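Asker: So that we are looking at the same thing, I have put the structure below in structure tokens.
The values are calculated or read from the model by the stated rules, or taken from the named source; none is laboratory data. Fair warning: this is a prediction, and the values are worked out from it, not measured in the lab. Glycine gets a Cβ as well: all are built from the backbone with ideal geometry, and neighbour counts include every protein chain shown.
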Amino acid sequence: MFSISTTIYMQFCFQFQKQGRDVEKVKQRLAEIANYVDKFYRALDIRVALVGLEVWSDSDKCPITQDPFTTLHEFLDWRKVKLLPQKPHDNAQLISGVYFQGTTIGMAPIMSMCTAEQSGGIVMDHSENPLGAAVTLAHELGHNFGMNHDTPERGCGCRMTVDRGGCIMTPSTGYPFPTVFSTCSKKDLAASLEKGVGMCLYNMPEVKVLYGGQKCGNGYVEEGEECDCGEPEECMNPCCNATTCTLKGDAVCAHGQCCEDCRLKPAGTLCRESSNSCDLPEFCTGANPHCPANVYLHDGHACHSVEGYCYNGICQNHEQQCITLWGPGAKPAPGICFERVNSAGDPYGNCGKDSKGSFAKCDARDAKCGKIQCQGGANRPVIGTNAVSIETNIPLQEGGRILCRGTHVYLGDDMPDPGLVLAGTKCGDDMVCNNKKNCHCEAHWAPPFCEKAGFGGSIDSGCACVCINVRVVIYGISRQCGHYRVDPGHPDQPPGNNRDRLSEEEDPAAPPLHQ
């Protein structure tokens, strides 16, 4: 079991739909919401750092309607195209006064933290008490982190009884509001981090951009401070004076994975293990108390015995998704299952929904990016409630038949069917399931094919004119639109990021989303 051995940091942006309220009071309310969320996540060794707060006072910057799926889709698209290039951050949440249809009060894609396309969510400001929105926001962040709902069949342990609020990831919450996470949430988080979700969170945030200004006692070492272990009543650090934020006695350091007993660890000491086959270990330098920035293999690097490609630091493959749905012994069905079933364009086989809300047929090249088809495993899906097993018998030309097993799984009102192939999954040689069929080019290369000099970006996302320093291991890749091609002979050429089909998690009707 993977465990969190050090604090991880999430740089967080707020967008708020004003609806006629006083701007300064709104900002004060949002800061209070962020403080609550940070407090909830501290128990999981996660700090939530608010690095941006924006109030839409004149007009909405993306369409906001009562349809939560459409609103989420529009907000995530706006975040990627407009917000992310202007304001580097790990996750963004839209808080709105619009009442969503049905019982929905929030929605977010699952296991999407740190991704450009999906790291965010929407929250309805449904209570006069800011704690209400904070709990909903913490719930949506939990889904971004890979946390599922605390359903009865999971047997989750919660130290708060239902009459005292229960736990944050229960399918529906009310008053009193929950303020703690369950044992299931902690296990889900550890499993997600082990898979590589949240690769961007291991680096300290830039303290100069924290919202609210500098303060001794906020847990962040800022200009003029030697350390910061929080408020005096909560500080347990023997190396730091909580009142003055200075080091005690002859202490050399007080924080960081490369600081032990107030002294720097020797150079070469392992400070962060690789979490999966797409991650790389980091080692202390001997001169800095903090572990170097987290690095991982570049998108397109082969993994899982060449059955998958690294994508956002994760090795996605059909086999693991089949095991998640059907349990041990499950494996992907032959390609003919994907081709026949997903060419139907119905609820049982599709590539998401089109702009009119109708199920889209998969083209042959996209078939392995639609409904996942498996064989073996348990008699019924092992996750969720009200799971439906969808079995299809396909006759073969040479005689006989082949059984294909798909599924529709209910995981809550805020999470559409997870029986769709995840973005980043290998769907053919040099191909992965990803966005809108258009290449997304790195800086210095021009869309749509990343073959000529330019500013980067894509015809979907616009110009990538703002340079952001990202520490990653670059593995030489040359680009063809719709494909990755490994090219170790040209490591100095900027690679392009594959975007060769409609992402199931970006299409509001298709992704595993949570509410």
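Asker: Give me the residue from the stretch 378-395 that is in contact (Cβ under 8 Å) with a residue 40 or more places away in the chain and surrounded by fewer than 15 Cβ atoms within 10 Å (Cβ to Cβ) and, out of that set, farthest from ASN148 (Cα to Cα).
Answerer: Among those residues, the one meeting the criterion is ALA378.
Asker: Moving on to the next point. Give the residues of the stretch 32-84 that are over 21 Å from ALA134 (Cβ atoms), in a helix (DSSP H, G or I) and among the hydroxyl-bearing types (Ser, Thr, Tyr), sorted by residue number.
Answerer: The answer is THR70, and nothing else.
Asker: Here is a check on your reading of the model: is HIS290 under 30 Å from CYS322 (Cβ atoms) and within 26 Å of the chain's Cα centre (by Cα)?
Answerer: No.
Asker: Of the conditions (1) surrounded by 17 or more Cβ atoms within 10 Å (Cβ to Cβ); (2) in a loop (DSSP other than H, G, I, E, B), GLY399 fails just one. Which one is it?
Answerer: In the conditions (1) surrounded by 17 or more Cβ atoms within 10 Å (Cβ to Cβ); (2) in a loop (DSSP other than H, G, I, E, B), GLY399 misses (1) alone.
So that you can scan it fast, the table gives a plain yes or no per residue for (1) closer than 26 Å to GLY424 by Cα; (2) in contact with a Gly (Cβ under 8 Å, 6 or more places away or on another chain):
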{"residue": "GLN257", "(1), (2)": "no, no"}
{"residue": "ARG272", "(1), (2)": "yes, no"}
{"residue": "PHE283", "(1), (2)": "no, yes"}
{"residue": "GLY345", "(1), (2)": "yes, no"}
{"residue": "GLY349", "(1), (2)": "yes, yes"}
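Asker: Can you pull out the residues in the stretch 369-391 that are under 13 Å from CYS404 (Cα atoms) and in a helix (DSSP H, G or I)?
Answerer: Residues satisfying the conditions do not exist here.
Asker: Here is a list of conditions, (1) outside any helix (DSSP H, G or I); (2) at pLDDT 85 or above; (3) surrounded by 18 or more Cβ atoms within 10 Å (Cβ to Cβ), and CYS322 meets all of them except one; can you say which number that is?
Answerer: If we test CYS322 against (1) outside any helix (DSSP H, G or I); (2) at pLDDT 85 or above; (3) surrounded by 18 or more Cβ atoms within 10 Å (Cβ to Cβ), just (1) comes out false.
Asker: Right, here's the next one. Quick one: CYS184 ticks every box in (1) in contact with a helix residue (DSSP H, G or I) (Cβ under 9 Å, 6 or more places away or on another chain); (2) buried (at least 22 other Cβ atoms within 10 Å of the Cβ) except a single one, so which number is it?
Answerer: Failed condition: (2).
Asker: Here's something else I'd like to know. How many residues does the stretch 117-142 contain that are over 16 Å from TYR41 (Cα atoms) and in contact with a Gly (Cβ under 8 Å, 6 or more places away or on another chain)?
Answerer: Total meeting the criteria: 6.
Asker: Follow-up. From LEU270, LEU264, LEU189, grab the single residue that is under 30 Å from LEU131 (Cβ atoms) and either in contact with a helix residue (DSSP H, G or I) (Cβ under 8 Å, 6 or more places away or on another chain) or not hydroxyl-bearing (Ser, Thr, Tyr) (or both). Write out each step before concluding.
Answerer: Numbers: LEU270 fails: under 30 Å from LEU131 (Cβ atoms); LEU264 fails: under 30 Å from LEU131 (Cβ atoms).
Of the residues listed, the single one that is under 30 Å from LEU131 (Cβ atoms) and either in contact with a helix residue (DSSP H, G or I) (Cβ under 8 Å, 6 or more places away or on another chain) or not hydroxyl-bearing (Ser, Thr, Tyr) (or both) is LEU189.
Asker: Here's another thing I want to ask about it. Could you list, in sequence order, the residues of the stretch 39-71 that are closer than 17 Å to TYR211 by Cβ and modelled with pLDDT of 90 or more?
Answerer: Within the stretch 39-71, LYS39, TYR41 qualify.
Asker: From the list VAL209, VAL197, pick out the single residue that is modelled with pLDDT under 90, surrounded by fewer than 16 Cβ atoms within 10 Å (Cβ to Cβ) and under 24 Å from the mean Cα position of the chain (by Cα).
Answerer: Working: VAL197 fails: surrounded by fewer than 16 Cβ atoms within 10 Å (Cβ to Cβ).
Testing whether each residue is modelled with pLDDT under 90, surrounded by fewer than 16 Cβ atoms within 10 Å (Cβ to Cβ) and under 24 Å from the mean Cα position of the chain (by Cα) leaves just VAL209.
Asker: Okay, moving on. Can you find, within the stretch 152-186, the residue that is modelled with the lowest pLDDT among those that are touching a strand residue (DSSP E or B) at 6+ places or on another chain (Cβ under 8 Å) and of a type in the set (A, V, I, L, M)?
Answerer: MET160
Asker: Can you find even one residue in the stretch 9-23 that is at pLDDT below 85, crowded, with 21+ Cβ neighbours inside 10 Å and in contact with a Pro (Cβ under 7 Å, 6 or more places away or on another chain)?
Answerer: Looking for residues that are at pLDDT below 85, crowded, with 21+ Cβ neighbours inside 10 Å and in contact with a Pro (Cβ under 7 Å, 6 or more places away or on another chain), one finds at least one in the stretch 9-23, hence yes.
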